[in-house]
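Structure record follows, encoded as structure tokens.
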Amino acid sequence: MAIQRTQVAIVGAGPAGLLLGHLLRTEGIEVVVVERRSADYVLSRIRAGVLETITTDLMERLGLASRLKAEGLPHDGFNLADGERLIRIDMAELTGKRVTVYGQTELTRDLMDAAPERDLEIVHEAIDVTLHDVNADTPSLTYRKDGAEHRIEAEFIAGCDGSHGPSRQAIPSGIGRGFERVYPFGWLGILAEVPPCSEELIYANHERGFALASMRSPTRSRYYIQVPLDERLEDWPDDRLWDELAIRLGPEAAASLVRGPSIEKSIAPLRSFVFEPMRHGRLFLAGDAAHIVPPTGAKGLNLAASDVAYLSDALIAWFKRADGAGLEAYSAKALARVWKAERFSWYLTNLMHRFPDTDAFARRMQVAELDYIAGSTAMKTAIAENYVGLSL
Ligand code: APR
Ligand code: PHB
């Protein structure tokens, strides 16, 4: 078996693993990233693309933000729709901050492309990654590649392997605990090479259900509608989806809706999940490995970024100054921000979707809350500061 020694072994080459790997490498810390899939497979995933300044600041700090600055779309506001009107949340005015629309795939590509020149070792197609002795001073992981067995001995392991990876499973069941909410619907998403119907995002709560108008560029749009969990993709030809979007987004958006053939169409379930603690011994969890949010608040990638901001600072302090305070504080500090983002995502999901028990009274409550938001600077500010991302 080939044995390799490093300082930090990272499981997963998604946004969390790649951001962490680069941040550690810029400080000369030895890192190996092991990823189950090929680079092409990782880049083939369609994901959300609303970046908080925490995420764009990390890319700036890494000197990897040139494409993001050239192609990213700065957004000062977004809209809530109640089926009749648009309620604009002016983030820039209310918080002094904005978000940037830039596909997660593009951010992952920027991080992946920069790996060779920055000596960030990524082992793709690493099979059966298994963690060992995470609670000892000598944690390690093993994997197979091209039929050969490999072992990596590290000082720390970062579990950035998403919601179905092995890292969280390496924490004994008596130690960790999961908190979950599964939503009784999914999002049917469509990607189309047509100009967006609106320059800003529109989250719509319509009598028939939720819809979201988003985009990837001035010529590429991303739309979603809420559908029942058992919905079949084949029951949604493009025309039916465009018709439903026109209804749910409301007359103002519908008037600008440009139709076109879907280049991607899929249904994704919605779930809230948090695993505590985010650390066990020398294993640290970051990103989807520790938590999942419904996409309503566009928090998934940004929570991965804030976890990595905390964890990279803590690891750098340890290796540079033998200061373990950040490592000791990591789980509680990351979870404090995670839970507030989980709350906001849960709140916006409940406000904007039709649940099976959304009876006439519950519908009136949703409409009344949207009406209150429309007239309240305090409510708009609370929503804006959560959407742009709470401070680290
Ligand atoms: N061995 C090695 N790698 C693995 C394994 C495994 N057993 N299991 C999963 N992985 C890899 C996946 O292939 C993926 O590339 O870990 C990576 C995890 O990446 P993400 O799932 O993207 O999670 P994260 O990096 O935390 O980013 C969170 O991604 O999924 C979206 O909505 C989510 O926007 C959020 C962001
Ligand atoms: C997207 O553009 O895919 C997107 C944007 C905002 C969300 C979710 C998804 O809240």
Checklist line | Whichever residue in segment 262-288 is in a loop (DSSP other than H, G, I, E, B) and within 23 Å of the chain's Cα centre (by Cα) and, among such residues, is farthest from ARG177 (Cα to Cα) | finding: ALA286
Check: Based on what the data block shows, is PRO184 within 25 Å of the chain's Cα centre (by Cα) and more than 27 Å from ALA305 (Cβ to Cβ)?
Finding: yes
Next item on the list: Six or more apart or on different chains, Cβ under 7 Å: which pairs go from a residue in segment 287-300 that's within 18 Å of LEU51 (Cβ to Cβ) to one that's within 9 Å of ligand 2 (Cβ to nearest atom) and outside any helix (DSSP H, G or I)? Could you list them?
Entry: VAL293/LYS299; PRO295/ALA48; PRO295/TRP187; ALA298/ALA48; ALA298/VAL50; GLY300/ALA48
Check: Does LEU257 satisfy the condition of being surrounded by fewer than 21 Cβ atoms within 10 Å (Cβ to Cβ) and over 19 Å from the mean Cα position of the chain (by Cα)?
Finding: yes
Note to self: For the condition away from ligand 1 (no atom under 16 Å from the Cβ), touching a residue at least 12 places away in the same chain (Cβ under 8 Å) and of a type outside the set (Lys, Arg), what is the one hit in ILE122, ILE152, ILE175, ILE157?
What the structure shows: ILE175
Next item on the list: Examine segment 233-245 for a residue that is at pLDDT 95 or above, assigned to a strand (DSSP E or B), under 24 Å from the mean Cα position of the chain (by Cα) and farther than 30 Å from LYS69 by Cα, and state whether such a residue exists.
Entry: no
Next item on the list: Tell me, please, whether a residue that is in contact (Cβ under 8 Å) with a residue 12 or more places away in the chain, under 21 Å from LEU107 (Cα atoms) and of a type in the set (Ser, Thr, Tyr) can be found in segment 307-327.
Entry: yes
Note to self: Checking GLU264 against (1) surrounded by fewer than 19 Cβ atoms within 10 Å (Cβ to Cβ); (2) acidic (Asp, Glu); (3) away from ligand 1 (no atom under 16 Å from the Cβ): exactly one of these is not met. Which one?
What the structure shows: (3)
Checklist line | Single residue of ARG248, ARG259 found to be charged (D, E, K, R), in a helix (DSSP H, G or I) and in contact (Cβ under 8 Å) with a residue 24 or more places away in the chain | finding: ARG248
Note to self: Which of the numbered conditions does THR130 fail, given that it passes all the others? Conditions: (1) part of a helix (DSSP H, G or I); (2) within 16 Å of ligand 1 (Cβ to nearest atom); (3) surrounded by fewer than 22 Cβ atoms within 10 Å (Cβ to Cβ); (4) modelled with pLDDT of 95 or more.
What the structure shows: (1)
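Yes or no, residue by residue, for (1) at pLDDT 95 or above; (2) in contact with a helix residue (DSSP H, G or I) (Cβ under 8 Å, 6 or more places away or on another chain):
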site: ASN135; (1), (2): yes, no
site: SER140; (1), (2): yes, no
site: GLY147; (1), (2): no, no
site: GLU153; (1), (2): yes, no
site: SER173; (1), (2): no, no
site: PHE179; (1), (2): yes, no
site: GLY186; (1), (2): yes, no
site: VAL194; (1), (2): yes, no
site: SER198; (1), (2): yes, yes
Margin query: Checking the conditions here, which among VAL308, VAL293 is within 10 Å of the chain's Cα centre (by Cα) and either over 26 Å from SER272 (Cβ atoms) or at pLDDT 95 or above (or both)?
Written below: VAL293
Next item on the list: Starting from segment 92-104, take each residue that is closer than 21 Å to SER198 by Cα and list its partners that are acidic (Asp, Glu) and more than 16 Å from ligand 1 (Cβ to nearest atom), counting only C-beta distances under 7 angstrom and pairs at least six apart or across chains.
Entry: ALA92/ASP76; ARG98/ASP76; TYR102/GLU71
Check: Has segment 349-357 got any residue that is closer than 21 Å to ARG88 by Cα, in contact with a Gly (Cβ under 7 Å, 6 or more places away or on another chain) and in a helix (DSSP H, G or I)?
Finding: no
Note to self: Going by what's in this entry, would VAL31 be described as more than 30 Å from THR381 (Cβ to Cβ) and surrounded by 17 or more Cβ atoms within 10 Å (Cβ to Cβ)?
What the structure shows: yes
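The values are calculated or read from the model by the stated rules, or taken from the named source; none is laboratory data. This structure is a prediction, so every number in the text was calculated from the model and none was measured. We place every Cβ from the backbone using ideal geometry, glycine too, and count neighbours over all the protein chains shown.
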